Amino acid sequence: MKVREAIAKVAPKAPPGVILEEDELGHLLAFTRRDMLHLDADALNDRLAAWTKRTLDREIPAAIASLSFRHARPVDPHDDATLDLQEGWLGLEPSVWIEGPEVTQAQVDALALLLPEFVKLVDTYGRPSGWRRHDEGNAE
């Protein structure tokens with residue numbers, strides 16, 4: 001089915017605050033927006049990467065979850081950002097998407113079932129157990 005059709009099917013089942021759209025590459029995109037400090041954003045990105053490997057790879061192999069900065073902006077924009085300051089970000093977009101331009105009914109059904117888990121993951125804190133240390137790269 002086309003991504004627009006999939007959006008119409010998933011939207012009524014989506015948790016509050018989840019936005020569904022077709023992105024510029026034709027993928028089915030589900031996201032929410034959050035403001036957070038950069039270390040919390042880094043931990044969230046790890047949680048989403050771990051969820052992709054542990055859940056999405058099994059349930060929807062064509063899906064990926066990550067943290068997008070596409071519309072984000074710093075709380076206090078300045079030229080000299082430093083690592084010893086906990087910078088804040090506005091409008092970060094934790095996202096899950098299925099590569100398109102077409103998706104299957106099974107993928108759409110699985111996404112609808114997994115969106116509440118996605119939102120819960122976004123609203124928790126910390127790094128996923130056994131994933132990686134914060135000071136080591138970004139892979140498991």
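FYI, it's all coordinate maths here, none of it is from the lab. Everything numeric in this text was worked out from a predicted model, so none of it was measured. Cβ sites come from the backbone with ideal geometry, for glycine too, and all protein chains shown count toward neighbours.
Counting other beta carbons within 10 Å of each Cβ, put 52, 124 in order, fewest first.
124, 52
Taking the Cβ of each residue in 95, 68 as the centre, tally the other Cβ atoms inside 10 Å and list the residues starting with the fewest.
The fewest-first ordering by Cβ neighbours comes to 68, 95.
Hey, what angle do you get for helix 105-122 against the long axis of the chain, alpha-carbon based, 0 to 90 degrees rounded to 10?
Its long axis makes an angle of about 20 degrees.
Looking at the range 1-106, which GluC sites (Glu not before Pro) are DSSP coil and have at most 14 other C-beta atoms within 10 Å of their C-beta?
Those satisfying the criteria are 24.
Quick query: amide H of residue 37 versus all other amide H atoms, modeled in the peptide plane; which residues come in under 5 Å with a sequence gap of 5 or more or a different chain?
89
Run lengths n ≥ 4 of DSSP H only: what is the helix-derived mean residue ellipticity at 222 nm for the chain, with -39500 (n - 2.57) per run over all residues, to the nearest 500?
The helix contribution divided over the chain gives -9000 deg cm²/dmol.
For the range 40-56, just list the computed ³J(HN,Hα) in residue order, Karplus coefficients 6.51, -1.76 and 1.60, θ = phi - 60°, integers in Hz, with x standing in for Gly and Pro.
Calculated HN-Hα couplings, in order: 5, 5, 5, 5, 4, 4, 5, 4, 5, 5, 5, 5, 4, 5, 8, 10, 4 Hz.
Can you run phi through the Karplus equation (6.51, -1.76, 1.60; θ = phi - 60°) for the range 11-23 and list ³J(HN,Hα) in whole Hz, with x for Gly and Pro?
The phi angles translate into 3, x, 9, 6, x, x, x, 8, 9, 10, 7, 9, 7 Hz.
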